[in-house]
Amino acid sequence: MEILIQLFKTRTAKFALLLAVLSVLQGYVFLLHIPPIQQMYVGLAISVIVTILRMITTQPISEK
């Protein structure tokens, strides 16, 4: 349980949780009605955000 608490102190894990929730909502309720080209741009934005979060990571989860 302590590992999960440490994990959710990170911005990357919080962002991943947000993505998971939005993915479930999109799958069940079609929350976002966007064409495939815009979905491509959303995917690119997500990958850029994850890369930036990884680049600014300065310490391991165990030290949080």
Seminar exercise, completed: Within region 29-64, the residues that are closer than 25 Å to residue 4 by Cβ and open to solvent by 80 Å² or more (accessible area, probe 1.4 Å) are 52, 54, 55, 58, 62, 63, 64
For this session: Hey, can you tell me all the residues within region 1-17 that are among the aromatic types (Phe, Trp, Tyr) and either open to solvent by less than 80 Å² (accessible area, probe 1.4 Å) or touching a residue at least 60 places away in the same chain (Cβ under 8 Å) (or both)?
Result: 15
For this session: Output the qualifying pairs, or none if there are none: Cβ atoms under 9 angstrom, residues six or more apart or on different chains, first residue in region 18-46 and among the acidic types (Asp, Glu), second residue surrounded by 10 or more Cβ atoms within 10 Å (Cβ to Cβ).
Result: none
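The values are calculated or read from the model by the stated rules, or taken from the named source; none is laboratory data. Since the structure is predicted, the reported quantities are computational estimates derived from the model, not experimental observations. All Cβ positions, even for glycine, are placed from backbone atoms using ideal geometry, and neighbour counts span all protein chains on display. Heavy atoms of the whole protein, side chains included, go into the accessibility calculation; ligands, DNA and RNA do not. Shrake-Rupley method; radii C 1.70, N 1.55, O 1.52, S 1.80 Å.
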